[in-house]
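Visitor: Structure provided below as structure tokens; questions to follow.
The values are calculated or read from the model by the stated rules, or taken from the named source; none is laboratory data. Owing to the predicted nature of the structure, the values given are computational and were not obtained by experimental measurement. Note that we place each Cβ from the backbone using ideal geometry, even for glycine, and neighbour counts take in every protein chain shown.
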Amino acid sequence: MTFVSTRRKAHVPSALRFIVALAALVATAAFAQEAPDALVKRVSQEALSIIKSDPRVQAGDQTHIRDLIEAKIAPHFDMDRMTALAAGRAYRQATPEQKKRLSDEFKSLLIRTYSNALNQYRDQTISYEPLRADANATEVTVRTQVNRPGQTPVAIDYSMEKTPDGWKAYDVIVAGVSLVTNYRDEFTEQVRQGGIDGLIKALAAKNSAPPPPSK
Amino acid sequence: MSGDRSIRKHAIARLVAALVASALVAGCAMGPTREDPFEPMNRVSYKVHQVIDGNVVKPIAEAYVTYTPEIVRTAVHNFFGNIDDMFSFVNDMLQGKGEKAGNDLGRVITNTGFGVLGLIDIAGSGNIPKGDEDFGQTFGFWGIPQGPYLFIPVFGPTTVRDGSGTVLRAFTTPVNLINDVAARNIIWGVGLVDLRASALQTENVLNQAALDPYTFIRRSYLQRREYLVHDGKPPPRKEEEE
């Protein structure tokens with residue numbers, strides 16, 4: 001089969017072949033998306049190296065840490081889908097403006113939580129499991145394992161979806177605990193007490209409160 | 001995975017479930033739809049817990065972390081981890097998990113024999129994974145449902161099923177073989193402090209993340225246990241989405 005096609009190609013003028021090859025190359029570069037597991041690996045390695053090298057991160061400069069997370073990590077999350085999953089029915093019934101405020105507050109809360117927890121990740125290494133998914137899958141789970149010296153490794157899985165601007169995570173599952181599922185209970189409770197505006201208010205209040213003292 | 005095996009498993013599960021249910025939750029309503037039927041009582045327990053924990057247990061755990069050299073804390077943690085491994089081995093066997101049983105038995109023999117009664121985790125350095133099985137998971141494996149969620153002051157979140165496992169373990173732990181009452185109580189106490197100390201960092205994240213720590217702990221606990229019962233592969237949950 002290969003032999004036949006090579007022979008056939010030999011009849012095509014070499015200049016044309018060159019142009020076709022070039023076009024194919026450009027097209028691949030433009031449309032190829034970074035594979036989800038490669039993306040997770042690149043972003044987490046980048047984050048780890050920042051934690052280890054940035055003096056302002058090590059000094060615990062929360063504003064700086066939050067800016068870094070906002071710039072480097074947040075763009076790889078689909079906040080709208082995370083919010084929709086966590087708020088469920090209340091989200092579907094919300095106005096576009098409420099949806100946006102809810103998603104923004106939820107994002108701030110996640111960034112604050114992550115930045116607060118970041119100093120615990122200093123001595124860790126991450127191992128990545130090979131991705132087991134179909135080549136044209138649009139939803140995958142990327143499995144990683146965080147190893148800390150002297151402690152049991154922790155599995156961290158990312159539920160990811162394919163979007164026009166690359167793969168994005170919509171849930172993080174730490175040692176079997178899904179972030180979105182945890183927040184679904186929290187959000188349901190707040191919505192029951194004060195509707196969607198009550199939930200937004202509760203999140204905003206949490207975000208403007210000083211972070212708990214870190215030890 | 002054959003039908004015969006699953007029928008047998010089902011029958012045994014029902015028998016064990018009936019026994020445990022009648023013995024331990026006589027009088028308690030087991031509602032499969034409501035995970036936390038005693039929520040009002042549990043919330044009171046949670047408040048009591050916070051007072052006791054914040055004023056007594058947590059300061060002790062913090063002092064322990066501050067004033068004890070890390071090498072000592074690691075040895076203490078390994079010692080109790082070795083007991084965990086013994087129970088994990090028993091529960092591997094009860095669930096017919098051969099590979100895990102081999103690993104856990106190997107860990108216990110290596111660490112007890114060459115790691116000074118478990119103070120050094122030699123097996124861990126040799127990369128023998130911990131099975132992390134317990135009685136609660138064995139009950140779950142045989143089809144016993146979680147039963148009502150419970151929050152017990154000082155001990156924290158549990159369920160009727162997992163709590164029964166903890167009680168069973170407390171009565172069968174090798175620590176009870178120590179005849180000297182004072183020494184036995186000290187070991188029990190140190191074990192609890194070690195457990196509490198390992199939760200200090202998580203708690204910090206929890207307080208930042210949760211709108212209502214009670215709900216957050218409950219959902220985390222139930223998710224975690226479900227994950228452990230299914231050895232890291234819980235059945236997919238139906239997602240509610242737009």
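Visitor: Quick one: B:ASN204 ticks every box in (1) closer than 26 Å to A:GLY88 by Cβ; (2) in a helix (DSSP H, G or I); (3) at the interface with chain A (Cβ under 9 Å from one of its Cβ atoms); (4) more than 16 Å from the chain's Cα centre (by Cα) except a single one, so which number is it?
Guide: (1)
Visitor: Among A:ILE111, A:ILE65, which is under 21 Å from A:SER178 (Cα atoms), touching a residue at least 24 places away in the same chain (Cβ under 8 Å), within 14 Å of chain B (Cβ to nearest Cβ) and crowded, with 19+ Cβ neighbours inside 10 Å?
Guide: A:ILE111
Visitor: So, one more: Going by what's in this entry, would B:GLY124 be described as at pLDDT 90 or above and among the small types (Gly, Ala, Ser)?
Guide: Criteria not met by B:GLY124.
Visitor: Let me ask something else. Does segment A:130-138 include one or more residues that are buried (at least 17 other Cβ atoms within 10 Å of the Cβ), more than 8 Å from every other protein chain (Cβ to nearest Cβ), free of Cβ contacts under 8 Å to residues at least 40 places away in the same chain and not charged (D, E, K, R)?
Guide: No: zero hits.
Visitor: I would also like to ask the following. Quickly run through segment A:99-133 and pick out the residues that are over 18 Å from A:ASN147 (Cα atoms) and basic (Lys, Arg).
Guide: Residues satisfying the conditions are A:LYS99, A:LYS100, A:ARG101, A:LYS107, A:ARG112, A:ARG132.
Visitor: Right, next: May I ask you to list the residues in segment A:92-103 that are free of Cβ contacts under 8 Å to residues at least 24 places away in the same chain and either among the hydroxyl-bearing types (Ser, Thr, Tyr) or within 18 Å of A:ALA71 (Cβ to Cβ) (or both)?
Guide: A:THR95
Visitor: From the residues in segment B:72-83 that are facing chain A (nearest Cβ under 10 Å) and not hydroxyl-bearing (Ser, Thr, Tyr), which one is surrounded by the most Cβ atoms within 10 Å (Cβ to Cβ)?
Guide: Per the criteria, the residue is B:ASN78.
Visitor: Suppose the filter is touching a Ser or Thr at 6+ places or on another chain (Cβ under 9 Å) and either within 26 Å of B:ILE60 (Cβ to Cβ) or in a helix (DSSP H, G or I) (or both); does B:THR138 pass it?
Guide: no
Visitor: Now for a different question. Please work out which one of (1) closer than 24 Å to A:SER53 by Cα; (2) out of contact with any His (no Cβ under 9 Å at 6 or more places or on another chain) is the condition A:ALA137 fails and give its number.
Guide: Of everything listed in (1) closer than 24 Å to A:SER53 by Cα; (2) out of contact with any His (no Cβ under 9 Å at 6 or more places or on another chain), A:ALA137 misses just condition (1).
Visitor: Okay, moving on. If we scan segment B:140-150, do we find a residue that is modelled with pLDDT under 95, in contact with a Cys (Cβ under 9 Å, 6 or more places away or on another chain) and either within 14 Å of chain A (Cβ to nearest Cβ) or crowded, with 21+ Cβ neighbours inside 10 Å (or both)?
Guide: yes
Visitor: Is one or more of the residues making up segment B:102-114 at negative phi, buried (at least 17 other Cβ atoms within 10 Å of the Cβ), without any contact (Cβ under 8 Å) to a residue 60 or more places away in the chain and of a type in the set (Gly, Ala, Ser)?
Guide: no
Visitor: Report yes if some residue within segment B:123-138 is on the phi > 0 side of the Ramachandran plot, more than 21 Å from the chain's Cα centre (by Cα) and not hydrophobic (A, V, I, L, M, F, W, C); otherwise report no.
Guide: Scanning segment B:123-138, I find at least one residue that is on the phi > 0 side of the Ramachandran plot, more than 21 Å from the chain's Cα centre (by Cα) and not hydrophobic (A, V, I, L, M, F, W, C), so the answer is yes.
Visitor: For the condition in contact with a Gly (Cβ under 9 Å, 6 or more places away or on another chain), within 30 Å of A:ARG66 (Cβ to Cβ) and among the aliphatic types (A, V, I, L, M), what is the one hit in B:ILE152, B:ILE217?
Guide: B:ILE217
Visitor: Something else about it: Here are the criteria: (1) in contact (Cβ under 8 Å) with a residue 24 or more places away in the chain; (2) in contact with a strand residue (DSSP E or B) (Cβ under 9 Å, 6 or more places away or on another chain). Tell me which single one B:GLN223 does not satisfy.
Guide: Single failed check for B:GLN223: (1).
Visitor: Return the residues of segment A:76-87 that are under 15 Å from A:SER178 (Cα atoms), of a type outside the set (A, V, I, L, M) and in contact (Cβ under 8 Å) with a residue 40 or more places away in the chain; say none if nothing qualifies.
Guide: A:PHE77, A:ARG81
Visitor: Moving on to the next point. Is at least one residue of segment B:185-196 among the acidic types (Asp, Glu) and more than 10 Å from chain A (Cβ to nearest Cβ)?
Guide: yes
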